[in-house]
Amino acid sequence: MFKILIIEDDTKMREIILENIRRWGFEGYGITDFDNAFKDFINYDPHLVLLDINLPSYDGFYWCGKIREVSKVPIIFISSRNTNMDIIMAINMGGDDFIQKPFSLDVLMAKINALLRRTYDYISSEVNLIEHNDVILNLKDSTVSYKNTKSELTKNEFKILYMLMKDKGVIVSRDSIMRGLWEDENFVDDNTLTVNINRLRKKLEDLGLESFIQTKKGQGYVIL
């Protein structure tokens, strides 16, 4: 089921859109805490975003820029602002379409359906981001980012971080990690795992993340 995130300050408008997209068989979520809009985006991991320009704290252009730092998810701006400069800004910041308020719900749904069709014909609609304490692991390009910095991970580094972030708060044993890294009969021995863990920690430290991966002696590793 496609998930649609609505970043809209007008409560009545937000609820009308939510009701309509659910009637079409989509899942919907409307943001109400606009200071944490980016974190909500990461946690919800939508297939499409409806984004107003006039919002509390930061405007829609700002949030569009933040989203584009980590995702190519389709974004439709919905706004009462209709100058050429507003539309140009919306598209230049990474928006895929612009609908002026007031608009027909039928037109909105037609645009949503068309954009979803074009975007996901050949792209998996599975979750592609994992977030924890502002650390974002991108499952599509094997990168990890924190605030405004990003680092590319090797295949093994990515798998280790994925296993730990997926089971955050749970101690993952060295044996479990080594089994996860065992592919094509190329066994990863204990020393190889230590080397990969140390390299991964160094990359995380370079991003400003000290002690993100914690060692539990005799048990394994954990991210809290």
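Readers should treat all values here as calculations from the given coordinates under stated rules, not as data from a laboratory. Since the model is a prediction, treat every value here as computed from it, not as a measurement. Neighbour counts run over all protein chains shown; Cβ positions are idealised from the backbone, glycine included.
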Bridge orientation stat for the chain from DSSP, antiparallel percent rounded to 5, came to 55 percent
Measuring from its Cα centre, the stretch 3-120 shows a charge dipole (+1 at each Lys and Arg Cβ, -1 at each Asp and Glu Cβ) which, in debye to the nearest 20, is 400 debye
Rounded to 0.05, the calculated FRET efficiency for the beta carbons of Ile87 and Lys202 at R₀ = 41 Å is 0.35
GNM on the chain, Cα springs under 10 Å; top mean-square fluctuation among Ile16, Ile197, Ile67 goes to Ile16
Placing +1 on each Lys and Arg Cβ and -1 on each Asp and Glu Cβ in the stretch 20-76, then taking the dipole about the Cα centre, the residue among Asn20, Leu51, Cys64 whose Cα reaches farthest towards the positive end is Asn20
For Asp10 and Phe34, extending 7 Å from Cα along the Cα-Cβ vector and measuring point to point gives, in nm, a value of 1.3 nm
Taking Cα pairs closer than 8 Å and at least 6 residues apart, the relative contact order of the chain in percent is 13 percent
Flagged as over-length at 19 Å C-alpha distance, from Lys168/Lys217; Lys155/Lys217; Lys72/Lys111, the pairs are Lys155/Lys217
Dividing the mean separation of Cα pairs under 8 Å (6+ apart) by the residue count of the stretch 59-137 yields a relative contact order in percent of 26 percent
Looking only at aspartates and glutamates whose Cα falls under 17 Å of Lys202's and that sit 8 or more positions away or on another chain, we get Glu152, Glu157, Glu210
Expressed as a whole-number percentage, the relative contact order of the stretch 3-120 with C-alpha contacts under 8 angstrom and at least six residues apart is 23 percent
